[in-house]
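Have a look at the structure below, then the notes.
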Amino acid sequence: MIEDMLRTPSAVRDAERYTAHNYHPLPVVISSAEGAWLTDVDGRRYLDCLAGYSALNFGHRHPTLVRAAHEQLDRLTLTSRAFIHDQFADFCRELAALCGKDLVLPMNTGAEAVETGIKVARKWGYQVKGVAPGQANIIVADGNFHGRTTTIVSFSTDSDARADFGPYTPGFTVVPYGDLAALEAAIDGNTVAVLLEPIQGEQGVVLPPAGYLPGVRRVCTENDVLFIADEIQSGLGRTGRTFACEHEDVVPDLYLLGKALGGGIVPVSAVAADADVLGVLRPGQHGSTFGGNPLACAVATEVVRLLATGDFQRRSAELGERLRAGLEGLLGKGLVAVRVRGLWAGVDIDPALMTGRQACERLMARGVLAKDTHGSTIRLAPPLVITPDEIDHAVAQLAAVLAG
């Protein structure tokens, strides 16, 4: 009888009935949230250990960000880039300062930021480096995840993302992630950029080998090639620094940003670079109706100001060590590998025990939401507002799942 009164089953059925099946979500239907906690339509609470793939770094409904959104909703939400609005300059200036770059180009989604970076790199290659027309090439890494547009999936090595979406866009060379020698060997006179995730999130929070990112920076500089860092998931405090590249004191030529930049309220992305790179664009050559809109800028400016204090980065670093200790304590007790950088973890479960999907379903039953990726790997990326006790709780629930 109690099950007949629950709203979740019918809501799940309706969602399955009326949407294309391009996702396989857990059967939970969220209706409200605050901080690190979610509540479903039946009143059950869950600890959020995914944080919208890092889009919710500051937690659900952070009061500063919600206030900024409410105030802007009462004033102005959209002008298009045909005009300048009063939130635009502050956002661009403050984000440029956070990145240590001259200029910012605001867009909406992470995939748009990646597409923008590709277009800028190609145009820079033709206009500045002198590559012959139509010959520009960009080096990428296997296991990458940069989005799902037709151009981006053209250089994906994930068959689910790529298969049956051809013909594919040329102009990309794929090399093994972490293999500096292979990357250097792939560079030729037509190479305009190297596009990498400093940490590969979708692949399972795969950390780069020590010295790899500095090596990429050196090779790019020596060969007059742009280094594009996709920090859409890894950036903005997730790993304990503002950018994951900072862990090895690397500064790329272009930052690709998104997810957390919108504070979990609106989609906001951006490319940040110096004027000698982003300056190749001229009016009419690239744009977006909603990119840099007033509502997005009002929220994202407050995101930048939260990060400018350094508090969230420090919190991520400190709590990340607690998460690491807890997870490493489960090695040999159902876990075969753990990779942690800040509050971002890739956890490999013994495949003889269960798949990653099964682990996430069992965690859900215990009030913790996480997301699986390939095979028996799950990812943990809680909001940076999570407390030490809540981290311990999440680890304890994972331990219980592994123990059966």
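None of the figures in this text is laboratory data; all of them are computed from the coordinates on show. Small disclaimer: the values here were computed from a predicted structure and weren't measured. Note: ideal-geometry Cβ built from the backbone for every residue, glycine included; neighbour counts use all protein chains shown.
Kindly indicate whether any position in region 314-323 is of a type outside the set (Phe, Trp, Tyr), buried (at least 20 other Cβ atoms within 10 Å of the Cβ) and in contact with a strand residue (DSSP E or B) (Cβ under 9 Å, 6 or more places away or on another chain). Yes, region 314-323 has at least one match. Across region 69-127, the qualifying residues are those that are among the acidic types (Asp, Glu) and assigned to a loop (DSSP other than H, G, I, E, B), and the one among them that is surrounded by the fewest Cβ atoms within 10 Å (Cβ to Cβ) is ASP74.
Go through region 26-55 and give me each residue that's surrounded by 12 or more Cβ atoms within 10 Å (Cβ to Cβ), out of contact with any Gly (no Cβ under 7 Å at 6 or more places or on another chain), of a type outside the set (D, E, K, R) and part of a loop (DSSP other than H, G, I, E, B). Within region 26-55, LEU26, PRO27, VAL28, VAL29, VAL41, CYS49, LEU50 meet the criteria. Entry remark, region 36-58: residues being out of contact with any Lys or Arg (no Cβ under 8 Å at 6 or more places or on another chain) and under 26 Å from VAL347 (Cβ atoms) number 11 in total.
For (1) touching a residue at least 60 places away in the same chain (Cβ under 8 Å); (2) of a type outside the set (A, V, I, L, M, F, W, C); (3) more than 29 Å from ALA161 (Cα to Cα); (4) in contact with a helix residue (DSSP H, G or I) (Cβ under 6 Å, 6 or more places away or on another chain), each residue gets a yes or a no:
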| residue | (1), (2), (3), (4) |
| --- | --- |
| ARG17 | no, yes, no, no |
| PRO25 | no, yes, no, no |
| GLY35 | yes, yes, yes, no |
| ALA89 | no, no, yes, no |
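Here ILE378 fits the description: within 19 Å of the chain's Cα centre (by Cα), surrounded by 21 or more Cβ atoms within 10 Å (Cβ to Cβ) and more than 29 Å from LEU95 (Cβ to Cβ). Within region 39-81, track down each residue that is among the aromatic types (Phe, Trp, Tyr) and closer than 23 Å to GLU231 by Cβ. Listed by number, the residues that qualify are TYR53, PHE58. Just for region 336-348: of the residues that are touching a strand residue (DSSP E or B) at 6+ places or on another chain (Cβ under 6 Å) and touching a residue at least 40 places away in the same chain (Cβ under 8 Å), which one is nearest to SER54 (Cα to Cα)? This residue is ALA345. Scan region 138-160 for residues that are of a type outside the set (Gly, Ala, Ser), under 20 Å from LEU213 (Cα atoms) and either outside any loop (DSSP other than H, G, I, E, B) or within 15 Å of the chain's Cα centre (by Cα) (or both) and the total you get is 6. For region 218-232, the count of residues that are hydroxyl-bearing (Ser, Thr, Tyr) and either in contact with a helix residue (DSSP H, G or I) (Cβ under 8 Å, 6 or more places away or on another chain) or within 21 Å of ILE152 (Cβ to Cβ) (or both) is zero.
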